[in-house]
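Working notes for the structure below.
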Amino acid sequence: MKTRRSDRLIDMTRYLLESPHTLISLTFFADRYESAKSSISEDLAIIKRTFKLRGIGILETIPGAAGGARFIPSISEHEAREFIAEMTTELSEQDRLLPGGYVYLSDLLGRPDVLRKVGRVIARQYIDKKIDAVMTVATKGVPIAQSVSSYLNVPFVIVRRDSKITEGSTVSVNYVSGSSERIEKMELSKRSLKRGSHVLVVDDFMKGGGTVNGMRSMIEEFESELVGITVFAEGSFDGQRMVEDYTSLLKVDQVNTIDKTIKVSPGNYLEKVFDKN
């Protein structure tokens, strides 16, 4: 059934947004809407211009018989700065301070609107990197990994501190907790990650970096390559962190349990992604 241009544009946009990093041929769209390839090319030019103008992402158009269009999600600098400023304010709220000086994050990382932005922001940093999988550790990093992986259109894998019978055979590594300096163990199913994968590590919070360093060791056990490390928030740490090359969206500079105050500032994400340009 032949489709009107307005309807075509809506459906094509939806299809591209739901299929990031996937090459879709002009023939597919032409058959789908019973339209000439020249008309499809014009539609794609409109969508490409709008995506760029609104900071939604990049629409690559590839010429030739084997060509087509590929949508790469992104986020504008203005929107990223606005989101991080908003999260800085929300994370500074007094009622987030828990006994022991811990900061409550679960409500933020349970909100779909926040997770969508977190996914886009992190995916933007690795827009020109080859990534085969996103890795995190159970349990609070899981929604972040799921969001990031949806924008990169790659699987996400969950490292656990205890094995589950449903995981089958596993690979385990010992690591030193950065904050408590205790020896801990983490495990990953052998079926979760292919050898030689390019892996992005994400997590909700990092202090000493022990857990993230453990995931780095796990990646090495799978003879794979660590592409990058990005955390939602990092805490202040007096000692030597076990990882140095990482990105954080937010930084908890100071926690005062007496005054019940939290001082939060933007992490190094903006500097790494935008200021370097």
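Most exposed first by the Cβ proxy, i.e. fewest other Cβ within 10 Å, how do Lys207, Lys190 rank? Show your work: numbers first, answer last.
Numbers: Lys207 20, Lys190 13.
Ranked by crowding around the Cβ, least crowded first: Lys190, Lys207.
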| Residue-averaged 222 nm ellipticity for the chain, from DSSP H runs of 4+ at -39500 (n - 2.57), nearest 500 | -10500 deg cm²/dmol
| remark: For region 66-83, in residue order, the Karplus 3J(HN,Hα) values (coefficients 6.51, -1.76, 1.60; θ = phi - 60°; whole Hz; Gly and Pro = x) are 9, x, x, 9, 9, 9, 10, x, 8, 8, 6, 4, 4, 5, 5, 5, 5, 5
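May I ask you to derive the FRET efficiency for Ala36 and Glu90 from their Cβ-Cβ distance with R0 = 45 Å, giving the value to the nearest 0.05?
0.35
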| query | Mean separation of Cα pairs under 8 Å and 6+ residues apart, divided by the residue count of region 77-275: what relative contact order is that in percent? | reply | 21
| field | Taking only Cα atoms of region 1-101, radius of gyration then Dmax in Å | value | 19.4, 65
| request: Give me the angle, in degrees from 0 to 90, between the Cα long axis of helix 5-17 and the longest principal axis of the Cα atoms of the chain, rounded to the nearest 10. | output: 30
| GluC sites (Glu not before Pro) restricted to region 26-63 and DSSP loop, no more than 14 other C-beta within 10 Å | Glu34
| request: Give me Met242, Met218 ranked fewest to most by other Cβ atoms within 10 Å of their Cβ, as a rough exposure proxy. | output: Met242, Met218
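Using only the Cα atoms of region 93-198, build the gyration tensor, take square roots of its eigenvalues as a ≥ b ≥ c, and label the shape rounded, prolate or oblate: rounded if a/c is under 1.5, else prolate if a/b is larger than b/c, else oblate.
It is oblate, given that a/c is not under 1.5 and a/b is not larger than b/c.
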| In whole Hz, what ³J(HN,Hα) sequence does region 144-152 give by Karplus (6.51, -1.76, 1.60; θ = phi - 60°), x for Gly and Pro? | 5, 4, 5, 5, 4, 5, 5, 7, 8
| query | Going by how many other Cβ atoms sit within 10 Å of their own, how do Lys194, Lys272 line up, fewest first? | reply | Lys194, Lys272
| task | Report, to the nearest 10°, how far helix 112-125 tilts away from the longest principal axis of the Cα atoms in the chain, using its own Cα long axis and a range of 0 to 90°. | result | 80
| task | Collect residues whose amide H, placed 1.01 Å from N in the peptide plane, falls under 5 Å from the amide H of Met135; neighbours closer than 5 in sequence don't count. | result | Val157, Leu200, Val201, Val202
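Short version: what are the Cα gyration tensor semi-axes of the chain, square root of 5 times each eigenvalue, largest first, in whole Å? Walk me through the numbers on the way to the answer.
Working: eigenvalues 292, 112, 45 Å².
Working from the Cα gyration tensor, I get semi-axes of 38, 24, 15 Å.
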| Share of Cα-Cα pairs in region 223-267 beyond 13 Å, in percent? | 64
| Selection of GluC sites (Glu not before Pro), region 130-204, meeting DSSP coil and at most 13 other Cβ within 10 Å | Glu181
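What number comes out for the charge environment of Glu77, summing +1 per Lys or Arg and -1 per Asp or Glu over other residues with Cβ under 10 Å away? Let's see the in-between values first.
Working: positive: Arg81, Arg124; negative: Glu79, Glu82, Asp275.
Every neighbour counted, the sum reads -1.
Of all chymotrypsin sites (Phe, Trp or Tyr not before Pro) in region 185-264, which ones are in loop regions per DSSP and have a Cβ with at most 14 other Cβ atoms within 10 Å? Walk me through the numbers before you get to the answer.
Working: sites: Phe205, Phe222, Phe232, Phe237, Tyr246; in loops: Phe222, Phe237, Tyr246.
The qualifying sites are Phe237.
Net charge within 11 Å of Arg160 by Cβ-Cβ distance, Lys/Arg positive one each and Asp/Glu negative one each, not counting Arg160 itself? All intermediate terms of the calculation are to be shown ahead of the outcome.
On the way: positive: Arg161, Lys164, Lys185; negative: Asp162, Glu167, Glu187.
That works out to 0.
No lab work stands behind these numbers, since they all come straight from the coordinates. If you're wondering where the values come from, they're calculated on a predicted model, not measured in any experiment. A quick note on method: Cβ atoms are made from the backbone with ideal geometry, for glycine too, and the neighbour counts reach across all protein chains shown.
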